[in-house]
Amino acid sequence: MSELRLNLVDAHEILEGTIHGSVAEACVAALSAEPETIAELGAALERYMRKTGDTSAFTSFRNAVEVSTESWDAGVVIIDLKSRIIAAESSYFQPQPEGQIRYHDGRQLTDVAVLYRLPDDWEILNSLAQYGPSRERRHHQRLNDPPLDARSVMYGRPLLEFIITNVGQLLVNAKAERPSQSGHREMAASLATAYSQTESADDSYREALASEVSRIHVLWLMSPRLDLRGESPRDVTFAKRELIDFDLHTRELQWSMQGKGPPCLKPETLAYRFAAVGTHEWVLYYDLVRHLIWSALTLQHSPGEIEASVSRLEAIKRDWLENPNEDSAGRTPANIIDSERRRLPLTLSRGEMIVDEDCYTCMMMASDPTMGPGFMHFDGSHMDDEFAFSFLRTREEWDAENGRREQFNQEFNLRWEERQERLSSC
């Protein structure tokens, strides 16, 4: 018993047909790409099954008015993209929120196991009787909670106005403390110079300025906003970061095993347009916001020139995003962010993986023609050591991690002192 009845539902149509259970299982795994339509599901399925010719895996399916719960061979599975529900009664497999699928090369199953994990908003039902009531409830929930275009806030005018307003207030406060300055522009230049000229600047003043810049950055990330439905930029940033990181990691594994990259999300898909933020973008966003705050210090900050300041800061932002930096192997930040939104790992050539030309292992790997690509990651080691900039979602996790680190340091220092005492007594 290896076939079953599969119902596919999206906002426009219902398709129903019989298919091998392994294909239905791969369809569940393909939901990791967050498809909204049956066509997008078919495209995501190619990560787990090689497409043969121009035919879809659902070519034999027929349009239906309602889902069919009539059992066929190994049972029935419903995948409702509209309501994000999987309902199944099958002896072939039981849908799981995460697992692995053996890749099918068009002729047979291979030994390449492709891991998957579904977004948290998918509901899995073990009974078809539960599907009807759950479908209505979930459908209304999704209608009342449409996708949020958070990037229009995080990268758009709201971000720029926030920075200009808060930097302007910083300059007002600084001028009140140092009234000898003739205006905001001179004060801004003085502040920026104080930080950049390490040798001539007063360390305490420079550190105080850096602390103020960090404060503005924290305030932006942590403040709830109406245009983000009451959440903060950090909240929406961390909504699916672990899911994106996991998916990129599994694509790297698949690429390494198969020697070619798996299919990515297309820019027209909803999953790309409203993509969550992963670690790559989180680190780059830190750098961008910090760069914009420092840049804003040198702009004119008067109430009548807000539009000019926004335009200039927009140009600075665009220039930063579209030009490569020294830590990105020649890629631009915009390209790196786009790759992550498409679920495309950042590859490194064999030559780019050489960190030391005197390292025999590095050179041997670089000269090996069978060596697959390496992959680039961002660790955020340069980011300020504060909760707002951390990789942890909640402050409780942050406090717990700091507690573990402090305990480790104390135990290490104790062992070190004991070791030193033993050596001194010899």
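Would you check which residues across the stretch 319-334 are in contact with a helix residue (DSSP H, G or I) (Cβ under 9 Å, 6 or more places away or on another chain) and either among the β-branched types (Val, Ile, Thr) or not in a loop (DSSP other than H, G, I, E, B) (or both) and list them? TRP320, LEU321, GLU322, THR332, PRO333, ALA334, listed by residue number.
Filter the stretch 306-330 for residues that are of a type in the set (D, E, K, R) and under 25 Å from the mean Cα position of the chain (by Cα) and give the result.
Within the stretch 306-330, GLU314, LYS317, ARG318, ASP319, GLU322, GLU326, ASP327 meet the criteria.
In the stretch 306-329, the residues that are on the phi < 0 side of the Ramachandran plot and touching a residue at least 60 places away in the same chain (Cβ under 8 Å) form Cβ pairs under 7 Å with partners that are among the small types (Gly, Ala, Ser) and buried (at least 16 other Cβ atoms within 10 Å of the Cβ), at six or more places apart or across chains, as follows: LEU313/SER295; LEU313/ALA296. Give the stretch 236-276 a look and list any residue that's open to solvent by 30 Å² or more (accessible area, probe 1.4 Å), closer than 18 Å to MET154 by Cβ and modelled with pLDDT under 90, or say none. Selection gives ALA239 alone.
Each row is one residue, and each column tells you yes or no for (1) under 28 Å from ASP247 (Cβ atoms); (2) in contact with a strand residue (DSSP E or B) (Cβ under 9 Å, 6 or more places away or on another chain); (3) modelled with pLDDT under 90; (4) part of a helix (DSSP H, G or I).
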{"site": "THR110", "(1), (2), (3), (4)": "yes, yes, no, no"}
{"site": "ARG135", "(1), (2), (3), (4)": "yes, yes, no, yes"}
{"site": "VAL153", "(1), (2), (3), (4)": "yes, yes, no, yes"}
{"site": "PRO158", "(1), (2), (3), (4)": "no, yes, no, yes"}
{"site": "ALA174", "(1), (2), (3), (4)": "no, no, yes, yes"}
{"site": "GLN181", "(1), (2), (3), (4)": "no, no, yes, no"}
{"site": "SER190", "(1), (2), (3), (4)": "no, no, yes, yes"}
{"site": "TYR205", "(1), (2), (3), (4)": "no, no, yes, yes"}
{"site": "ALA208", "(1), (2), (3), (4)": "no, no, yes, yes"}
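Taking each residue of the stretch 149-163 that is on the phi < 0 side of the Ramachandran plot and looking for partners that are among the acidic types (Asp, Glu) with beta-carbon atoms closer than 6 Å, six or more apart or interchain, yields VAL153/ASP227. Among the criteria (1) closer than 27 Å to ALA296 by Cα; (2) hydrophobic (A, V, I, L, M, F, W, C); (3) modelled with pLDDT of 85 or more, the one ALA201 does not fulfil is (3). Reported count of residues in the stretch 116-133, each being surrounded by 14 or more Cβ atoms within 10 Å (Cβ to Cβ) and in a helix (DSSP H, G or I), is 2. Considering only residues of the stretch 137-151 that are over 18 Å from the mean Cα position of the chain (by Cα) and outside any helix (DSSP H, G or I), which is surrounded by the most Cβ atoms within 10 Å (Cβ to Cβ)? In this case the residue turns out to be ASP145.
Residues in the stretch 251-266: is at least one part of a helix (DSSP H, G or I), of a type in the set (Gly, Ala, Ser), farther than 18 Å from LEU348 by Cα and over 10 Å from the mean Cα position of the chain (by Cα)?
Of the residues in the stretch 251-266, the ones part of a helix (DSSP H, G or I) are 251-258.
Remaining after also requiring of a type in the set (Gly, Ala, Ser): 256.
Pick out the ones that are also farther than 18 Å from LEU348 by Cα and you get none.
No - not one qualifying residue is present in the stretch 251-266.
Tell me, yes or no, whether the stretch 42-58 has at least one residue that is among the β-branched types (Val, Ile, Thr), in contact with a His (Cβ under 9 Å, 6 or more places away or on another chain) and farther than 22 Å from SER127 by Cβ. Checked against the condition, which is being among the β-branched types (Val, Ile, Thr), in contact with a His (Cβ under 9 Å, 6 or more places away or on another chain) and farther than 22 Å from SER127 by Cβ, the stretch 42-58 yields no hits at all.
Looking at the stretch 208-222, which of the residues that are under 22 Å from the mean Cα position of the chain (by Cα) and open to solvent by 30 Å² or more (accessible area, probe 1.4 Å) is nearest to GLU161 (Cα to Cα)? Write out each step before concluding.
Keep residues of the stretch 208-222 that are under 22 Å from the mean Cα position of the chain (by Cα), which gives 217-222.
Cutting the leftovers down to open to solvent by 30 Å² or more (accessible area, probe 1.4 Å) gives us 218-219, 222.
Numbers: VAL218: 15, LEU219: 13, MET222: 16 Å.
Here the answer is LEU219.
The values are calculated or read from the model by the stated rules, or taken from the named source; none is laboratory data. Everything quoted here is computed from the prediction, not taken from an experiment. As a convention, Cβ positions derive from the backbone with ideal geometry for all residues, glycine included, and neighbour counts pool all protein chains shown. All accessible areas refer to the heavy atoms of the entire protein, side chains included, with ligands and DNA or RNA removed. Shrake-Rupley method; radii C 1.70, N 1.55, O 1.52, S 1.80 Å.
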